[in-house]
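The values are calculated or read from the model by the stated rules, or taken from the named source; none is laboratory data. Predicted, not measured: the structure shown is a model, and the values here were computed from it. For neighbour counting, all protein chains shown are included, and Cβ atoms are generated from backbone atoms with ideal geometry for every residue, glycine included. Each accessible area value is taken on the protein alone, full model and side chains, heavy atoms only, with ligands, DNA and RNA left out. Shrake-Rupley method; radii C 1.70, N 1.55, O 1.52, S 1.80 Å.
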Amino acid sequence: MDPFVYSAGPARVLFETGGLAKTGAELEFLGVHRALVLSTPQQSGEAEALAKSLGSRAVGVFSDAAMHTPVEVTQQAMAQVQSKNVDGIVSYGGGSTIGLGKAIALRTDLPQLAIPTTYAGSEMTPIIGQTEVGRKTTQTTSKVLPETVIYDPALTYTLPSFIAGPSAVNALAHAVEALYAENRNPVTSMQAEASIAAIGRSMSGLMSGAIDENARADAFYGAWLAGTCLASVGMGIHHKICHTLGGSFNLNHADIHCLMIPYTAAFNRDHAPEAMAAIARALGVSDPIAGLFGLMQTAAKTKDLKSFGMSLDDIERASDLAMERAYYNPRPITRDSVRNMLLAAYEGAHP
Ligand code: NAD
């Protein structure tokens, strides 16, 4: 057998419908008495209600979290952290809000309690991406890993299917790349396959328009597993392309992951046979790329890069940017190969 190294993040995870009610007790467990609750503007109502339920344990709400963690927003939140003498962070929301909590922890080392409401998975990772002057840079440090995570599937019931579907495929993309990561191990591969299976079986329920509680719990469970994979092993060309499109063209993070995954997986197909077999098993299909393309078609509201407003000139620029500081990938990357993946996604053709 191949030798491997497995390291797990130290986070405490609660997975429970109705688990939100345990926020106060979990803050007590962390020794937090002056929490700042974070959210996006769209979730400020829920954040205010949570802060109210925490009584004097919450000293404020900052509800201007934005996608890709712009440094100027972090600076505004830091002003509140300092003026209110905050001793802990509660991040209530998707990856944007959790990213802001991490950015504060990076600067202060304050403990974080993350309450995710999408499937992005950032709450499980020691990774932080920040955007400054139109460029996203990522670093890995245990300082930003939230101490406690509460997964309450009920909090995702308000996610409309046009956000839930792409967000779940965003999580699945972490699992797909974990399967062919250079530093993969039997544990992450097992988690990745289980993640793809859970998200795959959630998809019709997620997109049905009604609240399918089992599907929401499956998607969240898959997202948690995918987040643990993202935390443990390196990501490849798919994440490099999505970071480029998100950070430099300000395209929606989950929507871009959802669109690109069949194209990037197709590029790696012949160089990652075990990963492809695992994806096929997990989705219960014979052709893993057709399975991923089908999931994308079901989940995505924007099914080609042209409809994101990208131009052919943008594709040339993105191809250059994606070649900078390359990530490991099982198939060697050239500028032409990146350009070809982007052009295929631009047209939305079957890869
Ligand atoms: P997001 O956090 O911006 O959420 C998308 C939208 O959905 C927002 O308007 C939000 O208010 C809304 N929303 C969230 N939960 C909702 C709910 N339950 N009901 C109704 N509306 C809801 O987007 P995201 O896709 O979750 O996260 C994207 C960000 O996360 C990006 O900046 C990405 O880089 C980052 N990310 C980081 C990591 C990491 O490990 N560092 C991992 C994944 C994603």
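For this structure, a couple of remarks:
- Among the residues making up the stretch 117-134, a single one is among the small types (Gly, Ala, Ser) and more than 8 Å from the ligand (Cβ to nearest atom): 134.
- Listed by first and then second residue, the pairs linking a residue in the stretch 325-338 that is touching a residue at least 24 places away in the same chain (Cβ under 8 Å) to a residue that is open to solvent by less than 100 Å² (accessible area, probe 1.4 Å) and among the polar types (S, T, N, Q), with Cβ atoms under 6 Å apart and 6 or more places separating them unless they lie on different chains, are 330/268; 331/268; 338/319.
- For the stretch 93-109, a residue qualifies if it is near the ligand (Cβ under 9 Å from one of its atoms) and of a type in the set (Ser, Thr, Tyr), and the qualifying residues are 96, 97.
- Inter-residue pairs, beta-carbon under 6 Å, first without any contact (Cβ under 8 Å) to a residue 60 or more places away in the chain and in the stretch 151-174, second within 10 Å of the ligand (Cβ to nearest atom) and of a type outside the set (Phe, Trp, Tyr), 6+ apart: 171/121; 171/223; 171/226
- Among the residues of the stretch 244-260, just one is small (Gly, Ala, Ser) and either closer than 10 Å to residue 304 by Cα or more than 15 Å from the chain's Cα centre (by Cα) (or both), namely 248.
- Scanning the stretch 242-287 for residues that are of a type in the set (Asp, Glu), in contact with a Lys or Arg (Cβ under 8 Å, 6 or more places away or on another chain) and surrounded by fewer than 23 Cβ atoms within 10 Å (Cβ to Cβ) yields one hit, 270.
- Subset of the stretch 148-166 (residues that are surrounded by fewer than 20 Cβ atoms within 10 Å (Cβ to Cβ) and part of a loop (DSSP other than H, G, I, E, B)): 157, 158, 160
- Filtered by the rule that a residue be in contact with a Leu (Cβ under 8 Å, 6 or more places away or on another chain) and open to solvent by less than 70 Å² (accessible area, probe 1.4 Å), the stretch 128-146 gives 128, 141, 144, 146.
- None of 101, 55, 60 is buried (at least 24 other Cβ atoms within 10 Å of the Cβ), at pLDDT 95 or above and outside any loop (DSSP other than H, G, I, E, B) except 101.
- Test result for residue 340, part of a loop (DSSP other than H, G, I, E, B) and either more than 22 Å from the chain's Cα centre (by Cα) or within 27 Å of residue 184 (Cβ to Cβ) (or both): no
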